[in-house]
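Below is a structure I'd like to ask you about.
The values are calculated or read from the model by the stated rules, or taken from the named source; none is laboratory data. Since the model is a prediction, treat every value here as computed from it, not as a measurement. Every residue, glycine among them, receives a Cβ derived from its backbone with ideal geometry; neighbour counts consider all protein chains shown. Note: areas computed on protein heavy atoms with side chains; ligands, DNA, RNA excluded. Shrake-Rupley method; radii C 1.70, N 1.55, O 1.52, S 1.80 Å.
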Amino acid sequence: MYPCRWRQLGLLIGFLFCGATAYSQRLIQRAETVPAADQWLQPGDRLQVRVQAQPGCQATFFGGKPLLELDPRQAKGQRGVYQGTYVVQPGDTLLSRPITVEVMAPDSTRDTATTRNTVRFLTPDVPQLAVTKGTLAYLNYGLGEDRLGGAKLGYLDSLVVLHLTGRVGNLYRVQLAATQTAWVPQEVVRLLPPGGFIPSSLTGSWSVYGDSLYDYVQVPLDARLPYRSQLLTEPTRLVVDVFGATSNTNWITQRDGLQALGDVHYEQTAPDVFRLVLQLRHEQAWGYRIGYKGNTLAIKIKRPPEKLRLRGLTVAVDAGHGGTNVGATGATGAHEKDITLAIAQRLRQELTQRGAHVVMTRETETTVDNGDRVLRLRQLNPDLLVSIHVNSTGSPSVQGTSTYYRYLAFRPLSVALYEAMRRTGLKGFGNVGSFNFGLNGPTEYPNALVETAFISNAEDEKRLIDPQFQQQVAEQLTKGVEEFLRRTRQRGIRGWLSKKAAEQ
Ligand SMILES: [Zn+2]
């Protein structure tokens, strides 16, 4: 916290007289970088420093750059708050060091301090690269954090090469394209030694084909570049941006066997952003997976189940929380983990009775991490997923049921489940989109989260712990899934194929 000479002096004086004597003379109470986190900055980025010190002093940082004392009205009424900004210049070097600030009082006494956090200036001449690791790497839009983590831009396959141009705390800034950045958590990447080139590639000619299970689009690249994807509606389409890629796609061969894919084409939306636009034939998209085979970008499109009915359908049921993760607790002492499991087991029974094949993320009172659930679901490859939770809030008057989706294309499932839940007599809390919940993250199959009711509300809790009500919820959710399938059948296939398909 304090520079060495001050600490030594303090210790010395403290030993001889009294520690308080030395420290009471300090002019600086606190010095910090803003944000208060270890940072990597590149030329053009701002190094911001804030100091709390005795008012009316002269203050500098980083070797003489001025810190200005704020008017107390700009500093929540506090006096002695000094701030300074330095724009990192090309050629500046700094190797993960704290920032030193210096304050001089009107009587010329001086004090120095260093920030707790360190700053490193990156050298653009030596690009800092990293590769994604593990099976659930992802990018965030920004530095936001909440209960669910920062808003996610999307998931990435492993060994995707990223160009890092900054860092704040445990997030690295990724330069996706000249005008586009994202943030990646430290724990999902491995830094590469210096000497690599910033990843870029020309795109090869695509291969578009189908086999007995899926439709595929494959685009040869020279490197595993980052990408983002969006499954959009009206018209139903999958849009994939590949960053650092420039078109040299001179033909797109569309072979036999395609069922889900309609017209496919590309746009070069920026010199370093290559966009695939993959139109889907069915009004209801059924999911997809993007990854790499070597350096070839491989997109696998899932087709809607052949027979859109419960019989023969693989339905995943997720009972939220479990084991040491109890979830929310009600006034009666009821635990979310027990209610979700009870409803999930009843739902399994209802679905099974109608001929569905049900897979569960947990069947007993055990702890299962959400990441492990997503990975297990990847293996189980369900046709759709219903995740069951119980809501809770600090306001005991808030009540009602709600359902959640993340991707627009999967909204219809959550709407059908919401309508079904309302039929139990619960009040409506709403249908919520862009929801950053782990089990709404998979793109491989339609999925929805059901927050059955509020355990923090006495009336809702009473119903949640009632086995008859749990049974009612299970029956209604089953009807909700059936209704989703019925609507999907009705919406059918777009374009010239639609009439034919409807007749069948
Ligand atoms: Zn929960």
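For Arg303, which sequence-distant residues (separation of 5 or more, or a different chain) have an amide H within less than 5 Å of its own amide H, given hydrogens modelled in the peptide plane?
For Arg303, whose amide H was placed from the backbone, the distant partners under 5 Å are Asp215.
If you stretched the chain out fully between His265 and Gln468, how much longer would it get, using 0.36 nm times the residue separation minus the C-alpha to C-alpha distance?
Separation in residues times 0.36 nm, less the Cα-Cα distance, equals 67.8 nm.
Per residue of segment 349-366, in order, report the coupling 6.51 cos²θ - 1.76 cosθ + 1.60 (Karplus, θ = phi - 60°) as ³J(HN,Hα) in whole Hz, putting x for Gly and Pro.
4, 4, 5, 5, 4, 8, x, 6, 9, 9, 10, 10, 7, 8, 10, 10, 7, 10
If r is the Cβ-Cβ distance from Thr123 to Asn250 and R0 is 22 Å, what FRET efficiency results, to the nearest 0.05?
0.05
Normalise the Debye intensity by I(0) for segment 258-366, one equal point scatterer per Cα, no solvent, then take log10 at q = 0.16, 0.21 Å⁻¹ and round to two decimals.
Reported log10 I(q)/I(0), two decimals: -0.88, -1.07.
Between Gln186 and Leu380, what length comes free when the chain is fully extended (0.36 nm per residue of separation minus the Cα-Cα distance, one decimal in nm)?
66.9 nm
Quote the charge dipole size of segment 128-191 about the Cα centre in Debye, to the nearest 20; the model charges only the Cβ of Lys and Arg (+1) and of Asp and Glu (-1).
100 debye
Same structure, new question: To one decimal place, what Kirkwood hydrodynamic radius in Å is obtained for segment 243-294 from all pairs of distinct Cα atoms?
13.0 Å
Between Gln353 and Val277, what is 0.36 nm times their sequence separation minus the Cα-Cα distance? Round to one decimal in nm.
Separation in residues times 0.36 nm, less the Cα-Cα distance, equals 23.3 nm.
Please state the charge dipole magnitude for the chain, taken about the Cα centre, from unit charges on C-beta atoms (+1 on K and R, -1 on D and E), reported in debye and rounded to the nearest 20.
It works out to roughly 340 debye.
Over 20 Å between C-alpha atoms is what I'm after, so list which of Lys152/Lys302; Lys302/Lys337; Lys337/Lys462; Lys427/Lys479; Lys307/Lys479 land there.
Going by Cα-Cα distance, Lys152/Lys302; Lys302/Lys337 fall outside the 20 Å limit.
Using label points projected 7 Å from each Cα along Cα→Cβ, tell me how many nm separate Ser108 and Lys293, to one decimal.
7.8 nm
Oh, and also: Round to the nearest 0.05 the FRET efficiency obtained for Glu234 and Ser212 when R0 = 30 Å and r is the Cβ-Cβ distance.
Computed FRET efficiency for Glu234 and Ser212 comes out at 0.50.
Of the DSSP beta bridges with both residues in the chain, give the percent that are antiparallel, rounding to the nearest 5.
Within the chain, antiparallel bridges account for around 75 percent of the total.
Report, in deg cm²/dmol and to the nearest 500, the calculated mean residue ellipticity at 222 nm for the chain, where each DSSP H run with n ≥ 4 adds -39500 (n - 2.57) and the sum is divided by the residue count.
After summing the helix terms and dividing by the residues of the chain, the value is -6000 deg cm²/dmol.
Using only Cα atoms, what Kirkwood radius does segment 314-489 have, in angstroms?
About 15.7 Å for segment 314-489.
Listed highest first by mean packing, meaning other Cβ atoms within 10 Å per residue, what order do 181-188, 150-157 come in?
So the order, starting with the most tightly packed, is 150-157, 181-188.
Further question on the same structure: If I compute solvent accessible area with a 1.4 Å probe over the protein chains, what percent of it on segment 201-302 is carbon and sulfur?
Answer for segment 201-302: carbon and sulfur cover 45 percent of the accessible area.
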